[in-house]
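Input: a single structure, listed below in structure tokens.
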Amino acid sequence: MVKINENYLKLPGSYLFSEVARRIAAYTAAHPGVTITKLSIGDVTRPLVPAVIQAMHKSVDEMGTAEGFHGYGPEQGYPFLREAIARHDYAARGMDVKPEEIFVSDGAKSDCGNIGDIFGTDNTVAVCDPVYPVYVDTNAMAGRAGDYVEALGRWNRLIYMPCVEANGFSPEPPKETADLIYLCFPNNPTGATATREQLKAWVDYANANGSIILYDSAYEAFITREDVPHSIFEIEGARTCAIEFRSFSKTAGFTGNRCAYTVVPMELERGGARLNSLWNRRQTTKFNGVPYVVQRGAEAVYTPEGRAQILENIAYYQRNAQVIREGLTSAGLACFGGVDAPYIWLKTPDGMGSWDFFDLVLDRANVATTPGAGFGPSGEGYIRLTAFGGAEDTVQAVDRIREMLRRG
Ligand code: MLT
């Protein structure tokens, strides 16, 4: 009789965003004619920019010719894209990342989940709390999280690092030794950032303990303040202890196009093995690369026109963030994030539970949010709003929440 991976049986309920979608669908079915404005899942709404569309059209035409046809591409990504990434995202900011350290993929979510393949299941794992659920659930699936303790809403083998108002939602390294450390800045869900000094403390901790930092910087394009680091590799010593995940999803509207990349420095070694070689082995075995047409589209993001066009879209979302932050702050709510990130982390009024406030806002303001408790125990008492909606929808959603609060 076949044995299943019993770790899956330990997973509580469904994936957070599926549960949110299920509740929205149930509400809509029960209230025909009511339109819900979704500020819940962080999915972009602006169309792909013209430079990307033109590059994709051109490459589709190429694919229809004998000379321009592309079959399987390199699993690690085409050199034209890896070189563009190295030049524009790293060298232009003073970092030395080589094309062969960059692995193009179909998403930061996949990479954050798949990276566990190259690490033993007995490693200890530290996560921020609240946290992007993919880090937790994929470690649970691999057996690294232990057992889920329903009453506490946490896994008994994970090290949770509370990210709360008192520490500016940015944790210090734990007392325990964590082997794998997931950090995400600008943060999903709180929208917080980490300073250079805070990241340096993490890098020093990881190098001292032989740990690996898994650094998710999928939202770096939303940084507005000059002194906020965009990459872990801006920090001295990071090349011997960190892997970085980046994505075109939020930067260039690729959530439906699928393109991201992961940087594994050549210096990074553990257990006598070079992690770049292990990740290369994993990717070449289990992944056949991102479509040529999509990679040509991603490359166009780095042209002067492409760059100017995506910056307009990012500015559009940043204005939404400002509308949400300022509109709800002036209504008396405590709002965090939304300055260097597309997420606003909002404290529920009167200590209300996250899911209760989610239901209330859904029912009374017809706005869908994401309950903070779904991101971890320290997310209780918060909800997350995204700035990725349409501008008019966002203004109306904020007005409706304000009106709901005013009516009491
Ligand atoms: C989110 O809402 O947190 C993101 O859209 C999820 C993701 O990027 O996978």
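The values are calculated or read from the model by the stated rules, or taken from the named source; none is laboratory data. Quick caveat, the model's predicted, so the values are computed rather than measured. FYI the Cβ positions are ideal-geometry reconstructions off the backbone, even for glycines, and counts take in every protein chain you see. In case anyone asks, the SASA skips ligands and DNA or RNA and just uses the protein heavy atoms, side chains included. Shrake-Rupley method; radii C 1.70, N 1.55, O 1.52, S 1.80 Å.
Points to keep in mind about this one:
- The range 287-383: C-alpha gyration tensor shape, a/c 1.5 cut-off, then a/b vs b/c: prolate
- Trypsin sites (Lys or Arg not before Pro), loop per DSSP, at most 12 other Cβ atoms within 10 Å - longest free stretch of the chain: 226-408
- Look at the Cα gyration tensor of the range 101-172: its axes a ≥ b ≥ c give a/c of at least 1.5 with a/b at or below b/c, and that counts as oblate.
- P(r) tail, the range 71-303: Cα-Cα pairs separated by more than 24 Å, 42% of all pairs.
- Rolling a 1.4 Å probe across the protein heavy atoms gives the chain an accessible surface of 43 Å² per residue.
- Excluding exposed DSSP-loop GluC sites (Glu not before Pro) (at most 16 other C-beta within 10 Å), longest clean stretch of the chain: 268-408
- Using a probe radius of 1.4 angstrom, the carbon and sulfur fraction of the accessible surface of the range 119-181 is 51%.
- ³J(HN,Hα), Karplus 6.51/-1.76/1.60, whole Hz, each residue of the range 169-182, x for Gly, Pro: 6, 9, x, 8, x, x, 6, 5, 8, 9, 7, 10, 10, 8
- Stretch in the chain that is longest and holds no chymotrypsin sites (Phe, Trp or Tyr not before Pro) that DSSP places in a loop and that have at most 10 other beta carbons within 10 Å: 73-408
- Calculated on the Cα set of the chain, radius of gyration then Dmax: 21.3, 67 Å.
- Linear extension gain, Phe69 paired with Arg22, 0.36 nm per residue minus alpha-carbon span: 12.8 nm
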